[in-house]
Each structure stands twice: as structure tokens, then as C-alpha cells.
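Here the structure is laid out as C-alpha cells; the discussion comes afterwards.
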Amino acid sequence: MGRLGIVVAALSIFAAAGEASAQCVKEGDELCQNGQTYRCEKTGSELTPIFQNVPCAVNVPAPSLTGTWVGSGHQSPAGDAGADWSIAMAIRDDGGSIDYPSLGCGGSLSQTARDDTSAEFHESITYGQDKCIDGGDITVRFFKGNLSWTWVGQADGQPYNAIAVLTRQ
């Protein structure tokens with residue numbers, strides 16, 4: 001590595017340490033900054049995080065499905081109201097509710113399965129039954145901050161399915 005490379009590397013380490021320095025509270029503490037371990041040591045009259053060249057795990061909170069999600073669904077085959085319509089879905093820990101504002105119907109969701117990043121629900125249309133198919137099954141998967149949403153159901157022996165990407169409201 002040339003002299004310029006050594007200077008750039010040293011400045012990079014110093015800059016990274018500078019980010020963590022505000023977190024040093026007492027000598028001997030270890031910090032995890034950008035996936036690397038720093039140890040707080042006294043340098044002169046200040047505590048300074050010293051790079052340890054040891055990877056560490058950054059605790060990232062698990063994504064939460066709980067909340068209100070909105071978007072536009074696309075149905076195949078198209079229904080009487082067309083192929084595209086709006087969705088507002090509220091997910092709670094034990095179930096949820098669904099509204100299709102542009103169709104004028106909605107109802108409740110019974111949760112049938114769930115893990116940290118996905119859930120399955122059975123839909124019961126409680127208003128606007130003449131405008132929407134009752135008894136569909138919805139699957140949601142958390143992906144890059146959004147929900148991948150799928151719906152399957154049938155009416156009069158005809159299978160229908162719908163897809164959407166929902167964003168947190």
C-alpha cells in the first residue's frame with residue numbers, strides 16, 4: 001500500500017472512531033459501530049473508541065406487521081368493478097380488518113398463521129357483501145419495508161386471485 005493509501009486508511013479509521021466517540025461513557029466499554037467493535041480507552045484526557053478489528057452484531061429490530069397498510073390491488077379475472085381497487089388493511093397481533101374503499105366493502109380478518117415477517121388471514125366480508133367475494137384467504141409478507149399481499153378466493157365456482165404491494169400508513 002502506498003503512502004497515500006496508508007493515510008486514507010488511517011483517516012477512515014479515525015473518522016469511524018469519531019462517529020463512535022460520543023458513545024464512550026467509561027473506560028473499558030465496548031461499542032458496536034457499523035458492524036465493528038471499538039473499545040473505549042483513555043487517550044490523554046479523553047475517552048476514545050479504539051478499533052478492535054473484531055466484527056460484532058448490530059441489533060436490528062425485527063420488522064413488525066402490526067399497523068395500517070394501504071395500496072392498490074389487482075384482481076384476475078377482473079370483477080364487475082374492474083381489475084384494480086384500493087385496499088386498507090389493519091393488522092393487529094390477533095387478527096385485523098380489511099377495507100376496500102373503492103369497492104364499498106370490507107370486513108374482519110382471522111389470523112391463521114404468523115411469524116416475524118409473514119402472516120395468513122381468512123377474510124369475512126361484513127359489509128358490502130353484494131360487492132365483494134366473501135371468504136378469501138390473504139397472505140402478507142414483509143419485504144423491504146412494504147407488504148407483499150396476495151388474496152385467493154372463489155365465487156360461483158370461479159377462482160379469483162389478487163395481488164398488491166401495501167405501504168405502511
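Summary table below
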read-out	value
Area of K26 that stays accessible when all protein chains are in place (1.4 Å probe, Å², to 10)	120 Å²
Net charge, C132 excluded, C-beta distance under 13 Å - Lys, Arg +1, Asp, Glu -1	-4
By accessible area with a 1.4 Å probe, ligands and nucleic acids excluded, highest first: order of R168, R39	R168, R39
For the range 101-169, radius of gyration divided by Kirkwood radius, i.e. Rg to Rh on alpha-carbons	0.98
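The values are calculated or read from the model by the stated rules, or taken from the named source; none is laboratory data. Small disclaimer: the values here were computed from a predicted structure and weren't measured. Please note: Cβ atoms are built from the backbone with ideal geometry, for glycine as well, and neighbour counts cover all protein chains shown. Heads up: the accessible areas ignore ligands, DNA and RNA and are worked out on the full protein's heavy atoms, side chains in. Shrake-Rupley method; radii C 1.70, N 1.55, O 1.52, S 1.80 Å.
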